[in-house]
Each structure stands twice: as structure tokens, then as C-alpha cells.
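Each remark here refers to the structure printed beneath this line.
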Protein chains: 2
Amino acid sequence: MKTVHKEHTLTKNQQIIFDLIDKSPEPMKAYSILFNVQKKGIKAPLQVYRALDKLVEIGKIHKIESRNAFIACHNSSCQMANATAFSICEICEKVTEISSAGLSKYLANFKDKDGMKYSKYNLEFFGLCKKCKVK
Amino acid sequence: MKTVHKEHTLTKNQQIIFDLIDKSPEPMKAYSILFNVQKKGIKAPLQVYRALDKLVEIGKIHKIESRNAFIACHNSSCQMANATAFSICEICEKVTEISSAGLSKYLANFKDKDGMKYSKYNLEFFGLCKKCKVK
DNA sequence: TTACATCTTGTTATATTATAACAATCTAAA
DNA sequence: TTTAGATTGTTATAATATAACAAGATGTAA
Ligand SMILES: [Zn+2]
Ligand SMILES: [Zn+2]
Ligand SMILES: [Zn+2]
Ligand SMILES: [Zn+2]
């Protein structure tokens, strides 16, 4: 079993798309990404989806499932690819990746009725962000 | 503020669609639902989506976000509408709603870095179900 | 170097999931 | 009974995602 982390050198398309998502202040949707990278020669949805799939796989980005949108990982990548948690503001749609040792420990150790453990999970919290709460 | 739970009498379309999902052994997708209820006079996607929206809202069913599929709630409905947890088998796609007082307590009390609490959440665990583990 | 496998790309077409807009009908409560 | 709100039926369209296939790049292994 491999335990060494392979260095993932991003391909051209992957790099272009990662850079775009990484500097976006909010999660980006696939077709918005497509629109934004057309000037760089990426013309078809499939080119975008292929890059997204790979970036998700290697943990550079995460998919916000309830929003069909993608956000760059800010938890030292890769490590968290399979165990993610986010807070989502229901008013302004601000999304923040949650990095809590306590939470990840709790979830990684959680056992269901049958005593099953799950190393992969995705958790999305919904509520109001600080700003929206004040208003 | 209302604290009394309104009895939600389902409308015809809602009842037809809920019955279908409720007796399905696996989560159902919208267009599969549509196909299955066409003989009962529900002909258009929108009729299905409207019923699904309502059923989700009142907690009779839940959406499995990572699968775009819907499953009937077996946790005494409603109560859990906004705080859901599921285990999903990555091989056979079996989905089970998790009903754990400990888990829901932990998540309902979880505070993020800013001390924010979130009463709504959706958690999806991924792994192998009992059957698939043996194989 | 050559040959081979594998990965990545480009491209067209198509499948799947979901909503917009509007008119008609039903339902509940004032 | 009137009226507001919810629900329905319908057509059209938007948004999200994948299939299929050919061509090019990359990296081993003889
Ligand atoms: Zn991350
Ligand atoms: Zn907000
Ligand atoms: Zn439930
Ligand atoms: Zn299974």
C-alpha cells in the first residue's frame, strides 16, 4: 500500500482552472469557469469537467454538493480530500471550509448502528454568516 | 413564532410521489420518478420537482445531494428535515439514514472558529456497506 | 532509439437535472 | 361568498454533466 504522497504536477488545463477557482472569493460553477477560461483556449464543458474531476480527486478543490460548485482547498490540500466540512450562508451563499480537529476526529471515529466506520464524509452546515446575522 | 407542527395533508401529486419513493428500496432520481408516475397522470418534470420540493420542505423525504436522488425519511419525519445524516455505499449505492442521538447532538452543538452554531446540516458518509465489505 | 502503454487533450453530440413563465383550478378562511 | 394563496397543467428552456472517438503528449522498457 502506497503511503507516499505523489506530487501532482498539474497539467495546463488543470492549472488554469485551479488558479481561477483559487483566486475566486466564492465557489465557482462549472459553466462559469468555462466562460472565464475560454480566452485561454478551453472551449468545451468536458475540458472543464475533466480538470475538475482530477482536482477534486487530488484534493486541490472540493465540490460543494448542495450548490454544484467548486472551491479551492485551504487545508493543506490532499489530506482533506475525503473528509470535508463546510459552512454555507443561506443568504449570501458565502462558503467556508471548516478545519476543526475535534470535528474531524469525531466524524472519523463515528460508528453507525452496525459498528461501521467511515473515513470519507462530506458535511455541509447551513445558517447565517456573521455579516448576514447582523442585518 | 409557531411551534405547533401543522399536519401536512399531502396533495394528490405529493401523495403519489411520496408513496413511490417510500416503497422504493433505494433513493430515486427525479426522472425515474417521472417515468414511474406517468401512468398516474403526472406528465411533466415540473410536476415532479414541485412535489419533491414540498416533500423535502416538510421532511417526508430527503435529498441525497451527492447523488441527486431522493429517499423517504424513516426518522419520524419532519423533525429531521434540517439535520440529516446518511451512509452511502460506494459500490452498491445503498443509502441508509443515520439516526444517532449522539451524532445529532454533537453536530447541533458544534461551534465553528467564530463560535457560530448551525441547526441545519447535511452529512454524507461514504464507505462500503456490510455486504460489499465481505466480497 | 523504438515500441508500447497510459494519460491528456480536443471535439461533437447527447444525456441528465432543474427552472421560467403563465394560465387555469382548487382550497381555506375571513 | 369572496378573495388570497396554494396547487396544477403545460410548453419551453436553462443548467449541469457525460458518451464516444480521434489525436497528441509523456513516460517506461526493451
Ligand atoms: Zn480542504
Ligand atoms: Zn451571509
Ligand atoms: Zn429523516
Ligand atoms: Zn454496498
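The values are calculated or read from the model by the stated rules, or taken from the named source; none is laboratory data. Here the structure is a predicted model, which is why all the values come from computation and not from measurement. Don't worry about glycine lacking a Cβ; one is built from the backbone with ideal geometry, like all the others, and counts go over all protein chains shown.
Per this entry, B:LEU55 is counted among residues that are modelled with pLDDT of 90 or more, within 16 Å of DNA strand C (Cβ to nearest atom), surrounded by 15 or more Cβ atoms within 10 Å (Cβ to Cβ) and part of a helix (DSSP H, G or I).
Selection of the stretch A:40-76 for residues being at positive phi and in contact (Cβ under 8 Å) with a residue 24 or more places away in the chain yields only A:ASN68. Selection within the stretch B:33-50: residues that are more than 18 Å from the chain's Cα centre (by Cα) and either acidic (Asp, Glu) or closer than 13 Å to B:ASP19 by Cα (or both). The member of this set that is surrounded by the most Cβ atoms within 10 Å (Cβ to Cβ) is B:VAL37. Give the stretch B:104-135 a look and list any residue that's part of a strand (DSSP E or B), farther than 15 Å from B:GLU93 by Cβ and within 7 Å of chain A (Cβ to nearest Cβ), or say none. Hits for the stretch B:104-135 are B:LYS120, B:TYR121, B:ASN122, B:LEU123.
In this structure, B:CYS92 does satisfy being surrounded by fewer than 17 Cβ atoms within 10 Å (Cβ to Cβ), more than 16 Å from ligand 2 (Cβ to nearest atom) and in a loop (DSSP other than H, G, I, E, B). Within the option set A:ASN68, A:ASN36, being more than 10 Å from DNA strand D (Cβ to nearest atom) and either under 24 Å from B:GLU124 (Cα atoms) or not β-branched (Val, Ile, Thr) (or both) holds for one residue only, A:ASN36. Residues in the stretch A:92-102 include none that are within 10 Å of DNA strand C (Cβ to nearest atom) and modelled with pLDDT of 95 or more. Here is a check on your reading of the model: is B:GLU65 exposed (fewer than 15 other Cβ atoms within 10 Å of the Cβ), within 11 Å of chain A (Cβ to nearest Cβ) and of a type outside the set (Ser, Thr, Tyr)? Against the criterion (exposed (fewer than 15 other Cβ atoms within 10 Å of the Cβ), within 11 Å of chain A (Cβ to nearest Cβ) and of a type outside the set (Ser, Thr, Tyr)), B:GLU65 does not qualify.
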